[in-house]
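Structure first, commentary second.
The values are calculated or read from the model by the stated rules, or taken from the named source; none is laboratory data. These numbers were taken from a predicted model, which means no experiment stands behind them. With ideal geometry, Cβ positions are generated from the backbone for all residues, glycine too; neighbour counts draw on all protein chains shown. Note: accessible area is taken over every heavy atom of the protein model, side chains too, but ligands, DNA and RNA are not part of it. Shrake-Rupley method; radii C 1.70, N 1.55, O 1.52, S 1.80 Å.
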2 protein chains.
Amino acid sequence: MTLQTLSINKERLEKRIHELAEIGKISDTGVCRLALSKEDRKAVETVKRWMEEAGLTARIDHFGNLIGRLEGKSPDAPILMVGSHIDSQPYGGRFDGVIGVLGALEVVQTMLEKNIVPDTPIEVVAFCDEEGCRFNKGLFGVRGILGKLEEGELERKDKNGVTRREALIEFGCDPTKFKESEYNEGSIGAFLEMHIEQGPILEAKDVPVGIVTGISGPLWLSVELEGFAGHAGSVPMSMRQDALVGAAKVIVALNELSSQDPSAPTVGTVGSLQVFPDSRNIIPEKVTFTVDLRDIDINRRHVIEANLRKQIKEITKTHGLQCTITEDTNSEPRYCSERLMNIMRQQSAKIGLSPIELMSGPFHDSLSMSYACEYGMIFVRCKDGISHNPKEFSTIEDIVLGTELLYHTVINY
Amino acid sequence: MTLQTLSINKERLEKRIHELAEIGKISDTGVCRLALSKEDRKAVETVKRWMEEAGLTARIDHFGNLIGRLEGKSPDAPILMVGSHIDSQPYGGRFDGVIGVLGALEVVQTMLEKNIVPDTPIEVVAFCDEEGCRFNKGLFGVRGILGKLEEGELERKDKNGVTRREALIEFGCDPTKFKESEYNEGSIGAFLEMHIEQGPILEAKDVPVGIVTGISGPLWLSVELEGFAGHAGSVPMSMRQDALVGAAKVIVALNELSSQDPSAPTVGTVGSLQVFPDSRNIIPEKVTFTVDLRDIDINRRHVIEANLRKQIKEITKTHGLQCTITEDTNSEPRYCSERLMNIMRQQSAKIGLSPIELMSGPFHDSLSMSYACEYGMIFVRCKDGISHNPKEFSTIEDIVLGTELLYHTVINY
């Protein structure tokens with residue numbers, strides 16, 4: 001498609017992205033807008049004003065979510081929710097979450113300008129605290145409206161000792177009234193989220209926009225290998241119980257298992273590793289490391305996990321190591337709605353886009369929504385796959401194409 | 001041999017080892033006797049008293065070395081030096097160094113008791129600061145008498161800001177008089193050192209005593225691999241530049257190269273490794289690690305090093321990594337004197353010992369002495385190869401056998 005035939009308003013969307021990036025701005029291109037902070041409040045109020053200017057009925061609920069509603073022909077029909085989040089990492093970028101919220105607003109504002117009245121109500125939402133970096137637990141607002149908060153969450157403290165309860169009250173919310181802000185089961189019909197990819201696939205394929213097939217569930221393991229320390233100069237190779245050699249073989253094994261099917265989106269990563277005693281002339285006695293394994297196909301992930309555990313067993317036996325494996329997280333993949341993906345495919349073809357289809361490795365608000373309703377996601381290409389970093393960057397042209405697809409998906413919902 | 005036919009005095013040697021272990025004692029079996037500390041001074045004075053009681057002329061030189069002299073028939077003939085050190089690691093054991101000094105004293109005291117007058121003078125020596133842990137540079141006393149101190153060594157500070165110069169003066173030495181304590185070239189004819197093995201070979205071979213063939217020179221490298229960070233959930237395996245996967249392959253390669261000839265004493269170790277940013281869901285961008293490669297055969301070591309560098313090149317190319325290799329230390333192996341080893345072999349046979357011959361991975365005072373005269377070393381079995389640890393342990397029976405071999409080596413020198 002050419003940008004000349006756009007339905008949405010590119011200039012307005014671009015202006016808003018730039019304006020929002022000024023709130024909590026760090027360095028030239030970064031943003032620090034921690035959940036429930038003064039900057040977050042200012043950003044939420046700014047977007048609320050834009051929602052109201054567009055003609056939506058906007059409110060901030062007791063979880064800190066911002067929700068702008070466009071009434072449908074059937075006000076009681078299950079709601080179509082569209083949005084993402086506008087809180088950021090402490091050393092974050094301008095696009096993560098933001099384009100999903102401002103894109104959704106642009107979609108609905110365009111509908112209003114074109115006098116398109118949807119069958120079902122549409123709610124544009126900026127969920128509170130998706131990132132989770134302030135209280136070390138994210139997806140707060142979205143879990144809130146679905147009644148999925150866990151015990152003790154309000155007592156979690158930030159680095160300054162402020163509890164989430166205190167932060168919510170400071171933000172203007174009333175935690176005693178959470179129930180008023182919850183949605184009844186079945187009241188939300190679908191959730192649509194546009195987001196930057198936070199990965200390098202679209203760039204590598206030279207495609208501005210992608211249709212997400214699902215969010216892969218990560219398996220998080222912690223592995224501890226224990227051998228026996230000794231002088232690096234005096235213990236013969238054949239008598240060693242070197243925990244780092246064992247760990248190295250596990251890292252290579254995970255890499256090979258995750259790469260064996262080049263057509264599969266499996267990813268396996270050892271991101272963190274510590275050596276004890278970590279001295280150049282002492283044979284490592286203990287090595288602890290993490291395993292992050294993700295796949296959109298849970299069965300394939302199970303097979304790889306089983307193979308990995310088998311190889312760990314063999315490696316530890318070969319090197320005389322003790323091994324402890326702890327499972328920290330074990331999430332299942334959550335697939336996008338075929339129906340929503342079909343609408344996206346058809347509308348893409350209609351407007352001249354050729355999106356590829358890809359899974360999402362990272363989590364999004366959509367992950368929580370997937371347990372309440374059908375969901376669909378649109379990814380927008382970002383430079384070098386960089387995110388959670390001031391260097392995060394997407395062109396306005398790509399964002400506009402993603403928003404245009406979101407618009408056509410919504411009006412054909 | 002049986003312990004009944006011993007020349008040396010087992011009870012006296014055992015008593016002294018136990019008594020010395022009381023000075024700077026930590027926990028039940030450990031010792032903290034840092035070089036030039038009050039505990040070190042007390043230990044040096046204790047051994048000096050034993051030397052004088054035995055009939056030696058003892059002095060503490062300006063480097064902090066303790067030297068006890070038994071005059072020879074030819075007082076001007078090159079000296080036979082016998083000894084080791086009595087300073088310890090901060091969390092050290094009772095035997096490291098100590099048995100070499102007290103064993104040498106026992107040998108000379110036995111000679112005196114048997115009215116054996118040696119041809120050449122014999123000096124029993126406890127070198128100052130072999131360990132090097134206080135000022136982060138060891139082999140101090142031995143390098144001192146050989147005129148091998150480096151510029152700025154006296155200004156090195158310990159953790160409390162005390163310089164070595166201040167510590168030497170506090171100890172009773174006078175750094176302005178170093179020249180008086182140096183030995184002229186050619187004035188030392190040979191050096192003999194008995195030491196615990198600090199490795200597991202003798203124990204594995206079930207042999208109490210070993211004849212050392214040489215001290216292998218370590219090659220110390222620091223390797224830095226740099227790739228590109230990315231979200232562990234979103235960057236496909238084929239697009240990754242994972243520095244930790246590269247490092248793991250190098251660790252495995254070093255382990256294989258060092259193990260390929262099971263009959264060779266080659267040892268290769270990665271003892272220290274750091275990952276950046278070290279987060280479980282971020283692909284490692286940078287990994288730095290050490291390489292310690294030792295071999296008694298410098299040519300074999302060169303070949304392994306060349307192979308390792310070649311493999312690092314291939315691995316970094318495969319994984320799109322940048323690599324920087326820094327050479328921190330490159331020592332050549334120092335071989336023991338064939339003549340001294342032959343005396344040890346003959347005397348072992350005579351007294352009924354069947355020592356194996358082995359290289360030393362760790363350094364000793366002998367390493368420095370090897371540049372000034374011929375040298376020989378005797379290793380005594382130690383439990384589990386443990387050293388630099390309060391758990392360090394050798395039986396008095398094994399120590400006595402080593403000392404007996406040292407005695408016969410000295411009187412047949």
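Here are the numbers:
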| quantity | calculated |
| --- | --- |
| Inter-centroid distance (Cα atoms) of segment A:321-349 relative to segment B:55-93, Å | 73 |
| Accessible surface buried upon A-B contact (total; probe 1.4 Å; Å², nearest 100) | 4300 |
| Which of B:Thr110, B:Asn330, B:Pro277, positive extreme of dipole for the protein assembly as shown (C-beta unit charges) | B:Asn330 |
| Segment B:280-312 versus segment A:183-240: alpha-carbon centroid distance in Å | 28 |
| Most to least accessible of B:Lys350, A:Lys25 (protein chains only, probe 1.4 Å) | B:Lys350, A:Lys25 |
| Sites B:Lys137 and B:Ser74 - FRET efficiency at Förster radius 35 Å, r taken between beta-carbons, to 0.05 | 0.45 |
| Rounded accessible area of B:Lys137 (nearest 10 Å², 1.4 Å probe) | 50 |
| Nearest-0.05 FRET efficiency for B:Asp261 and B:Glu153, computed from C-beta distance (R0 30 Å) | 0.15 |
| Simple Cβ-charge dipole of the protein assembly as shown, Lys/Arg +1 and Asp/Glu -1, about Cα centre, in debye nearest 20 | 200 |
| Prolate/oblate/rounded call for segment A:1-157, Cα gyration tensor, a/c under 1.5 rounded | oblate |
| Proximal charge balance of A:Glu106 [Cβ under 13 Å; K/R count +1, D/E count -1] | 0 |
| Spin-label proximity, A:Ser27 to segment A:361-393 - amide N less than 20 Å from point 7 Å beyond Cα toward beta carbon | A:382-393 |
| Net charge over other residues, Cβ less than 15 angstrom from the Cβ of A:Phe276 (K, R count +1; D, E count -1) | -4 |
| Karplus-derived HN-Hα couplings along segment A:104-109 (A = 6.51, B = -1.76, C = 1.60, θ = phi - 60°), whole Hz, x at Gly and Pro | 5, 4, 4, 4, 6, 4 |
| Phi-based couplings in Hz for segment A:322-328 (Karplus 6.51, -1.76, 1.60; Gly and Pro marked x) | 8, 9, 10, 10, 10, 9, 8 |
| Other-chain or far-sequence residues with amide H under 5 Å of B:Gln198's (modelled H) | B:Cys382 |
| Förster-model FRET efficiency, 41 Å R0, B:Glu332 and B:Glu53, C-beta, rounded to 0.05 | 0.50 |
| Lys, Arg +1 and Asp, Glu -1 on Cβ, resulting dipole of segment B:217-330 about Cα centre, debye, nearest 20 | 280 |
| Potential extension, A:Ile169-A:Thr324 segment - 0.36 nm per residue separation minus Cα distance | 51.5 nm |
| For chain B, share of DSSP beta bridges that run antiparallel, in % to the nearest 5 | 65 |
| Bridge type composition, the protein assembly as shown - antiparallel percent by DSSP, nearest 5 | 65 |
| Amide hydrogen neighbours beyond the local backbone of B:Thr213, cut-off 5 Å, H modeled | B:Leu358, B:Met359, B:Ser360 |
| Helix B:243-259 axis, angle to chain B major axis (alpha carbon atoms, nearest 10°) | 40 |
| Centre separation in Å (Cα based) which lies between segment A:137-179 and segment B:367-395 | 62 |
| Under the Karplus curve 6.51 cos²θ - 1.76 cosθ + 1.60, θ = phi - 60°, whole-Hz ³J(HN,Hα) for segment A:194-207, x wherever Gly or Pro sits | 9, 8, 5, 5, 6, x, x, 5, 4, 4, 5, 8, 6, 10 |
| With all protein chains modelled, accessible area of A:Val275 [1.4 Å, Å²] | 20 |
| Solvent-accessible area of B:Lys157 with every protein chain in place, 1.4 Å probe, in Å² to the nearest 10 | 130 |
| Helical mean residue ellipticity (222 nm; -39500 (n - 2.57) per DSSP H run of 4+; nearest 500) of chain B | -10500 deg cm²/dmol |
| Accessible surface ranking that places the most exposed of B:Phe63, B:Phe276 first, with a 1.4 angstrom probe | B:Phe276, B:Phe63 |
| Only Lys, Arg (+1) and Asp, Glu (-1) charged, at Cβ; segment A:42-140 dipole about Cα centre in debye | 160 |
| Where A:Ile386, B:Ile116, B:Ile399 fall by accessible area, highest first, once all protein chains stay in place (1.4 Å) | B:Ile116, A:Ile386, B:Ile399 |
| 10 Å beta-carbon shell around A:Val125, net charge (K/R +1, D/E -1) | -3 |
| Gyration tensor (alpha-carbon) shape descriptor, the protein assembly as shown, a/c threshold 1.5 | prolate |
